[in-house]
Amino acid sequence: MLSPSDKKLEKLDPFYRPSVSKQKTSAEIISEARNALRTVRTQRPFTPHEDQRKLFGPASSRTPENRPSSSFSLHASSFESPESRPISGARLSPLELKPKAPTSPTTEEESCLSFPKPPVDPAKIRRISSARARLFRAASQGTLLPDRAPPPAESKKTMKSKETVMMGDSVKINGNYLSALNASGCIQSHPLQLTYDRDFEKIKEQDMFKGTTSLSSHLRSGGDQGRRLARASSCPSRSDLSQLETTAVSKADSQGKDEEKEVDEVFWNTRIVPILHELEKEENIETICAACTQLHRALEEGNMLGNKFKRRSILLKTLYKLVDVGSDLLSLKLAKIILALKVSRKNLLNVCKLIFKISRNEKNDSLIQNDNVLESLLEILSNEDLQANTEAFLYCMGAIKFISGNPRFLNEMINQGAVEILMNLIKQINESTKKCGVCLPNSGHLLVQVTATLRNLADSPLVRSKLLSISALPEFCTVMEQCVGDKDICTNIARIFSKLTSYHDCCTALANDSRCYALFLNLINKHQKKQDLVIRIVFILGNLTAKNNQAREQFFKQKGSIQTLLSLFQAFYELDVNSTKWADGGEVQAKPQRQPSGVEDILIKLTRVLANMAIHPRIGPVLVAEPQVVGLLLTTLEYKSIDDCEELVINAIATINNLSYYQVKNSIIHDKKLYIAELLLKLLVTNNMQGILEAVRVFGNLSQHRDICDFIVQKNVHKFMIALLDAKHQDICFSACGVLLNLTVDKDKRVILKDDGGIKKLVDCLKDFGPTDWQLACLICKTLWNFSENITNASSCFGDEETNTLLVLLSSFLDEDLALDGSSDPDLRNYHKLHWETEFKPVAEQLLNRIQRHHTFLEPLQVPPL
């Protein structure tokens, strides 16, 4: 006679998924995620390697006439004449000097300005003219360098002397240049810069100015207003005036800044001049390159780098001439020195173009790395003004982009702060674009290079960490918002996000930026025909919705989110269908070649997003009631075989599986469940194990309906499920056992477990997987419990061998010390213990008690080998 507790156990309902909602334990949530709702994985879209290095690749949306060129010629003549003094940012008002015909002077001052008197002493005139003639002859020979370095003593004496020194057509007095006197004694207008000493009184004391009242008074009158440039000419031309005004601005600007560094004459003549002579010989490339290296070191040693030292113009003129040699190795060394001399404007642009041109050849990467040119390029981006040098920045970034594709530069770029520098550049452009209200073409071209470089670097874990630490992802979103119409920029950033969101921390950071969901939908709608952009946006959405319920909800709340996905699905489905057929003579025949993988890949990514969205408990019921959603999935299974496109078919079945979990009244899956079961039969007879597994999982959900159970028995699908128990694959055994469990709910169908040795195979699965998979062990015990509901004798129910095996297995598995002894990892042990306590133990205890009550022990039990 059974005890009250035993009678209570006998009346327990069969084990299957309960239809009423209740508070779920952690184990139940994990279990449901395994056998019902699952995210879908897919590969990141493939980006082909570009054969040629160009500013804008072949996939660029920019037309050749609307983008800067990647090919150009560059010569020494491309560089501007070296400036002896730096140009500051300040500007003075132009001097109001207008040429006019000579008239009778009305005042003494006007007379002096128009017709300055010659010096009183004729000897001084002869002295100046003689010096001028000598320097004219030296200049005509094409060099300003001395033939040999003067002795140190003579050099020092020359530096300390207050005597007048002539240079070209200029008179140098106390370090300042004045235009030479003409034959009549008047000061002659000349393009060379006319300057004056800081201490005006020292100039006035020079003998040569005695009697030149007009010049003295003019200099003195301008001293209080920034020391205006002294001008005097018998008949000044318009070009002379313009050039003098420019010179005046440059001089006045530089006066407010640091004075130019005085050059140590001894160091210059003994260390620098001999190297410059070597460079002018141009004997062979190796010698010139060695001289350039020596020159750079000497300039650094003498503190002559930068733009505030005398003789800089001589250096630059010599270096520019060597550009025409045409050697990439030499050009890199020249470029590094020129950049160290802090050139600006056109010369900065040309030197950036020079490095860009060299970097286009991948074989030059080693040269760039050996000379550490990357450091010079990054300094340009850090120190130069973006607005004034946008084109120079463009070619500078182009060169950096090229070398960033070489893994050998990765650590060097990270260590030199390239990530931070590039992100700061993006912030500057964002701020500038915000003021203008639109993404300007020049900044757009530059952003293409910056984002392409960061795309190359984004694979590095260290770069990902840096991007997160400086909040780079919101800046990328801002760029996409401001340049939403620029497909090239958006594609590059989408590629960056594709890489970053493949990792949980980056995915979480982007998901927390609520702007991104509307932004991605806008991009899909605006660039629907741009497959390379659309596929990455959809891939990113799949990453965001894979493990984040909040992301699923945020995306779902965006207006038109699901409809946008469905419209995109419909468009590419039609494109895929049309690409698989071709017309010939009015007949439609199968296309001999396989359809484009790009179209299929977008469909794969779209089904993944739908599968992930269906996991949300409030979104899933909405999707399963949407005819277009289910219709597109079923259509995919109709026209695609798993041999045609395995991933697309598997993703479609996985999405149907997630939707079939929801038992709602208006479920389209419920209405079409028999048709779905028919489609799944095709997969069960394939050789694709992943496809079989997905189909069995869907049968696991659908078999909760009685008509599907009848279908399974009629089509002998249950025999296939029993055969799968021999697969020795835990997930396949788990899914097949789930179908058998649902079949045993119906008393009329329990007998099928004895077909093809079903009981023995269940017991073998328990023995093989029990200690490592308590969820599967629980499922097996539930199936055996349902099967043995009306048991009178255990041996006649299960068989003698199976009954003895069950008694031993259940007894040992219910011993906590024995059951959980195999796990050394504390976390893994806790995981197994959770499932063992909450799932396996309650069912196994009931089953063991039932077997023990209905079993007659005729012989000692032997423990089967585990």
Checklist line | Looking only at the stretch 497-531, and only at residues there that are closer than 17 Å to Lys605 by Cα and β-branched (Val, Ile, Thr), the one that is surrounded by the most Cβ atoms within 10 Å (Cβ to Cβ) | finding: Thr501
Check: Do you know which residues across the stretch 316-332 are without any contact (Cβ under 8 Å) to a residue 40 or more places away in the chain, part of a helix (DSSP H, G or I) and surrounded by fewer than 20 Cβ atoms within 10 Å (Cβ to Cβ)?
Finding: Asp328
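Please return the ranges of helices (runs of 4 or more DSSP H) entirely within the stretch 402-489 where 2 or more residues are in contact (Cβ under 8 Å) with a residue 60 or more places away in the chain.
In the stretch 402-489, 441-457 are the helices (runs of 4 or more DSSP H) which contain 2 or more residues that are in contact (Cβ under 8 Å) with a residue 60 or more places away in the chain.
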Margin query: Give me the residue from the stretch 645-672 that is touching a residue at least 24 places away in the same chain (Cβ under 8 Å) and either touching a Cys at 6+ places or on another chain (Cβ under 6 Å) or not in a helix (DSSP H, G or I) (or both) and, out of that set, surrounded by the fewest Cβ atoms within 10 Å (Cβ to Cβ).
Written below: Asn666
Checklist line | Within the stretch 744-799, considering residues that are β-branched (Val, Ile, Thr) and in a helix (DSSP H, G or I), the one surrounded by the most Cβ atoms within 10 Å (Cβ to Cβ) | finding: Ile780
Check: If only one of Leu473, Leu454, Leu447 is touching a Leu at 6+ places or on another chain (Cβ under 7 Å), over 17 Å from Asn543 (Cβ atoms) and surrounded by 18 or more Cβ atoms within 10 Å (Cβ to Cβ), which one is it?
Finding: Leu454
Item checked: Residue check, Leu632 under 34 Å from the mean Cα position of the chain (by Cα), crowded, with 23+ Cβ neighbours inside 10 Å, part of a helix (DSSP H, G or I) and not β-branched (Val, Ile, Thr) -> no
Next item on the list: Please state which of the following conditions Leu378 fails to meet, knowing it meets all the rest: (1) over 23 Å from Leu473 (Cβ atoms); (2) in contact with a Gly (Cβ under 9 Å, 6 or more places away or on another chain).
Entry: (1)
Next item on the list: Considering every residue within the stretch 535-542, establish whether at least one is more than 27 Å from Thr390 (Cβ to Cβ), under 15 Å from the mean Cα position of the chain (by Cα) and free of Cβ contacts under 8 Å to residues at least 12 places away in the same chain.
Entry: no
Next item on the list: Please enumerate the residues belonging to the stretch 337-387 that are within 19 Å of Ile421 (Cβ to Cβ) and outside any helix (DSSP H, G or I).
Entry: Lys342, Asn372, Glu384, Asp385, Leu386, Gln387
Check: Of the numbered conditions (1) part of a helix (DSSP H, G or I); (2) modelled with pLDDT under 90, Thr686 satisfies every one except a single condition; which is it?
Finding: (1)
Check: Within the stretch 803-830, which residues are more than 14 Å from Leu848 (Cβ to Cβ) and either buried (at least 16 other Cβ atoms within 10 Å of the Cβ) or touching a residue at least 24 places away in the same chain (Cβ under 8 Å) (or both)?
Finding: Leu820, Gly822, Ser823
Next item on the list: Could you list, in sequence order, all residues of the stretch 673-689 that are surrounded by 17 or more Cβ atoms within 10 Å (Cβ to Cβ) and out of contact with any Lys or Arg (no Cβ under 9 Å at 6 or more places or on another chain)?
Entry: Lys673, Ile676, Leu679, Leu680, Leu683
Checklist line | Qualifying residues in the stretch 516-534 (those that are charged (D, E, K, R) and in contact (Cβ under 8 Å) with a residue 40 or more places away in the chain) - the one farthest from Arg44 (Cα to Cα) | finding: Lys526
Item checked: Single condition Gln294 does not satisfy, out of (1) buried (at least 17 other Cβ atoms within 10 Å of the Cβ); (2) within 26 Å of Asp264 (Cα to Cα); (3) not aliphatic (A, V, I, L, M) -> (1)
Margin query: With the requirement that a residue be more than 20 Å from Val696 (Cβ to Cβ) and out of contact with any helix residue (DSSP H, G or I) (no Cβ under 6 Å at 6 or more places or on another chain), what does the stretch 768-794 give you?
Written below: Pro771, Thr772, Glu789, Asn790, Thr792, Asn793
Margin query: I'm trying to understand the selection: among the residues of the stretch 778-824, which are aromatic (Phe, Trp, Tyr) and farther than 17 Å from Asp755 by Cα?
Written below: Trp785, Phe813
Checklist line | Of all residues in the stretch 702-734 being under 19 Å from Asn658 (Cα atoms) and over 47 Å from the mean Cα position of the chain (by Cα), the one that is surrounded by the most Cβ atoms within 10 Å (Cβ to Cβ) | finding: Ile708
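The values are calculated or read from the model by the stated rules, or taken from the named source; none is laboratory data. Everything quoted here is computed from the prediction, not taken from an experiment. Note that each Cβ is placed from the backbone with ideal geometry, even for glycine, and that neighbours are counted across all protein chains shown.
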